[in-house]
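Just below is one structure, and these are the notes that go with it.
The values are calculated or read from the model by the stated rules, or taken from the named source; none is laboratory data. On a predicted model such as this, the values are computed, not experimentally measured, just so you know. Heads up, the Cβs are rebuilt from the backbone with ideal geometry, glycines too, and the neighbour counts pull from every protein chain shown. Surface accessibility is based on the protein's heavy atoms, side chains included, excluding ligands, DNA and RNA. Shrake-Rupley method; radii C 1.70, N 1.55, O 1.52, S 1.80 Å.
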Amino acid sequence: MSWLVVAGTVAVLVGGPVRADEQRMTADNVVREIRVEATTKYTREKGYPLPLAAHWNTGQLKNGFSPGYQMRMIEQGHFLLPWFQLPEPGTAGADYRYYENAIKKAAERKLPITFVGTQWEKILSEDHAYLYLPPEKNPNVVGRNGAILRKVSPFGPIDHWRSAGKRWTSQRIFKMLQAWYPNPPLVLFLSNNEHAKLRWHEVEQDSRYLAIYGPGKDDDFMRKVVGDGWIERYRSLQQGMVEGLTEQGWKERSVFVGYEAFTPIAFGRWADWTKYSLCIRGRIDPGPLAWDGASLPFYVHSWDSSTDYTVMSPQIEAMNWVPMLEEARRWNPSFRVELSVWDGNEPTKADDKRKFYAGLGQTFSPERYEGYVQFGMWLLRPGVVREFRGWTDTLARTEPYFRAVVDSVDRVHADPVLRRFWRSGRLVANRNHPHPYQANIPEGYKAADRWFLLDTNLDPKRPWGLKTELPVFSLALVLGENAEREWLVYAHSPRKGLENVEIHVPGYGFVKASVSPGGSFYLIREKRDGLLRVGGVAGGAAVSSRPR
């Protein structure tokens, strides 16, 4: 670790570029840490488990993010949670070669494993055995005219959800997988959770809802009964998947995570955000009761005006999730959190986000991506950081961006300061300003801390609009109490590196620092006999600090 004396204080560089020789960990130690962190649950006493890297691309095509590639990365000292494609029922037959070597390697190393799949309930709307059932037995929406729609209903029979789940895991390939690896420490099933389903504001289109409740109910009532219906049905679907398994180790250690199984990230952005939410008084979302975890989308979308450098950005929007996750863990203490990350890159489409940036004279490099990803990580501290790319994407085209995700994860494991703050640091709220999203906020969240962006001397004049550009995104975590406090400050400047940026840390004062697109870390220590400024960077240098 290198030292730098500045402004009469001592600064230590923290969170710099990660190299395998700096980790000082053998492959056995890496595997052991992956196993421990994947199976550790968040508690206030133990804190957050350290993050692991993963992907939505399962490498079924040549040169993708295959199981073989993942095992090589782990052997090289990277902290990955292995993932495989979830085989679909009714297909001609699974390619056993895709699974066998990597599953046996995972068994040898006692690694946790993930099965990434499509939406499991789609069977109910696609398989004729369910779709063509009579209305009273059909799990799909039955319209007021008796027509069956190809989307599931929270008011249909529940038993079909259980049988559909069982079909996924009772396939022959799953019997082979369990024979190859009978006792994994964790089996995570991840659904993309995007099947068509009845929305709460459409319930009067469903004849069974009308038969049970009648027309004219208020919005809260409709959201509640729809949410309650999904809780019961998705838990039945998952129970069926457990029943389809044969090995007791798999039955006991299977967990089920849904993409976007949580409050939408657009919370408060405009008045009609509630149309896409199932929030009710006392329950912001049914997801934590319907699933064991959620994969939260930290996406710069190609199809909307979001960016990584404006108010309409994942960094700003995801701040809404902080108090919601506290509520989720009260409902479900074991609730797991993943962060799905994406930069909006779809090169074959006209609205590809990198083309958008290029049109503005900007470059969205892997370094810039890393700075953006790390902000989401340190804001939410997920157990898994999972990159999204298309299923046909290749390592040749996208691996440098995945490496940015891997480096962001490895950095936490490699640096003792970052490890300590990740586990136990308390996110510092900035109560000088409200969150800019204030439309139709539920009563229970009007006073909640939702703003964590630190003030800087480069901030634009308020009020801010969705397109307001923000030169610097920074946040802080604090440890200790009274005169023994320490702060970890993270900052990134998406568009270009910046010098002498003044960042205000609530409870301490100002730090003046260099900030890079790839992200910069700074540590501040407060002692009883004075203040000792300790800082670190990834791609910058500490300048100075002064208490308030």
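Considering region 138-164, the residues that are of a type in the set (S, T, N, Q) and more than 30 Å from the chain's Cα centre (by Cα) include one that is least open to solvent (accessible area, probe 1.4 Å), namely 138.
Kindly indicate whether residue 121 is among the charged types (D, E, K, R), touching a helix residue (DSSP H, G or I) at 6+ places or on another chain (Cβ under 8 Å), buried (at least 18 other Cβ atoms within 10 Å of the Cβ) and touching a residue at least 24 places away in the same chain (Cβ under 8 Å). So residue 121 fits the description; yes.
Run down 206, 219 and say which single residue is buried (at least 22 other Cβ atoms within 10 Å of the Cβ) and among the charged types (D, E, K, R).
Working: 219 fails: buried (at least 22 other Cβ atoms within 10 Å of the Cβ).
After ruling out the rest, the residue left standing is 206.
Of the residues making up region 124-137, just one is in contact with a Lys or Arg (Cβ under 9 Å, 6 or more places away or on another chain), open to solvent by 50 Å² or more (accessible area, probe 1.4 Å) and without any contact (Cβ under 8 Å) to a residue 24 or more places away in the chain, namely 136. When residue 334 is tested against (1) of a type in the set (Ser, Thr, Tyr); (2) more than 24 Å from residue 452 (Cα to Cα); (3) open to solvent by less than 10 Å² (accessible area, probe 1.4 Å); (4) within 16 Å of the chain's Cα centre (by Cα), only condition (3) is not met. In the set (1) at pLDDT 95 or above; (2) surrounded by fewer than 20 Cβ atoms within 10 Å (Cβ to Cβ); (3) on the phi < 0 side of the Ramachandran plot, residue 260 fails one condition alone, (3).
Considering 319, 312, 241, which residue is touching a His at 6+ places or on another chain (Cβ under 7 Å) and surrounded by 18 or more Cβ atoms within 10 Å (Cβ to Cβ)? Unique residue meeting the criteria: 319. Let me confirm something: among 197, 175, which residue is among the basic types (Lys, Arg), under 27 Å from the mean Cα position of the chain (by Cα) and open to solvent by 40 Å² or more (accessible area, probe 1.4 Å)? Answer to the check: 197.
Say we look at region 278-300 and pick out the residues that are closer than 30 Å to residue 310 by Cβ and assigned to a loop (DSSP other than H, G, I, E, B); which of these is nearest to the chain's Cα centre (by Cα)? So, considering only residues that are closer than 30 Å to residue 310 by Cβ and assigned to a loop (DSSP other than H, G, I, E, B), the one nearest to the chain's Cα centre (by Cα) is 300. Take the conditions (1) of a type in the set (Lys, Arg); (2) free of Cβ contacts under 8 Å to residues at least 60 places away in the same chain; (3) under 29 Å from residue 47 (Cβ atoms); residue 461 misses just one of them, which is (3).
Of the set (1) over 26 Å from residue 57 (Cα atoms); (2) assigned to a loop (DSSP other than H, G, I, E, B); (3) within 24 Å of the chain's Cα centre (by Cα), all apply to residue 216 but (3). If you scan region 150-189, which residues turn out to be within 24 Å of residue 228 (Cβ to Cβ) and assigned to a loop (DSSP other than H, G, I, E, B)? 153, 154, 155, 156, 157, 158, listed by residue number.
Yes or no, residue by residue, for (1) open to solvent by less than 30 Å² (accessible area, probe 1.4 Å); (2) assigned to a helix (DSSP H, G or I); (3) modelled with pLDDT under 95:
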| site | (1), (2), (3) |
| --- | --- |
| 25 | no, no, yes |
| 31 | yes, yes, no |
| 37 | yes, yes, no |
| 57 | yes, no, no |
| 62 | no, no, yes |
| 72 | no, yes, no |
| 77 | yes, no, no |
| 106 | yes, yes, no |
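Being within 28 Å of residue 203 (Cβ to Cβ), modelled with pLDDT of 95 or more, touching an Asp or Glu at 6+ places or on another chain (Cβ under 9 Å) and open to solvent by 10 Å² or more (accessible area, probe 1.4 Å) is true for just one of 292, 285. Which residue is that?
Working: 292 fails: touching an Asp or Glu at 6+ places or on another chain (Cβ under 9 Å).
Exactly one of 292, 285 is within 28 Å of residue 203 (Cβ to Cβ), modelled with pLDDT of 95 or more, touching an Asp or Glu at 6+ places or on another chain (Cβ under 9 Å) and open to solvent by 10 Å² or more (accessible area, probe 1.4 Å), namely 285.
Residue-by-condition table, conditions (1) farther than 22 Å from residue 383 by Cβ; (2) not hydroxyl-bearing (Ser, Thr, Tyr):
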{"position": "174", "(1), (2)": "yes, yes"}
{"position": "180", "(1), (2)": "yes, yes"}
{"position": "188", "(1), (2)": "no, yes"}
{"position": "197", "(1), (2)": "yes, yes"}
{"position": "200", "(1), (2)": "yes, yes"}
{"position": "207", "(1), (2)": "yes, no"}
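Scanning region 244-253 for residues that are open to solvent by less than 20 Å² (accessible area, probe 1.4 Å) and either in contact with a Leu (Cβ under 7 Å, 6 or more places away or on another chain) or part of a helix (DSSP H, G or I) (or both) yields 244, 249, 250. When each of 224, 275 is tested for being touching a residue at least 12 places away in the same chain (Cβ under 8 Å), in a helix (DSSP H, G or I) and surrounded by 18 or more Cβ atoms within 10 Å (Cβ to Cβ), the lone residue that passes is 224.
Test residue 354 against the criterion of being in contact (Cβ under 8 Å) with a residue 12 or more places away in the chain and of a type outside the set (Ser, Thr, Tyr), and give yes or no. If you could, list the steps in order and put the result at the bottom.
Values: in contact (Cβ under 8 Å) with a residue 12 or more places away in the chain: no; of a type outside the set (Ser, Thr, Tyr): yes.
When the stated conditions are applied, residue 354 does not pass them.
Flag not set for residue 57, criterion: touching a Gly at 6+ places or on another chain (Cβ under 8 Å) and free of Cβ contacts under 8 Å to residues at least 40 places away in the same chain.
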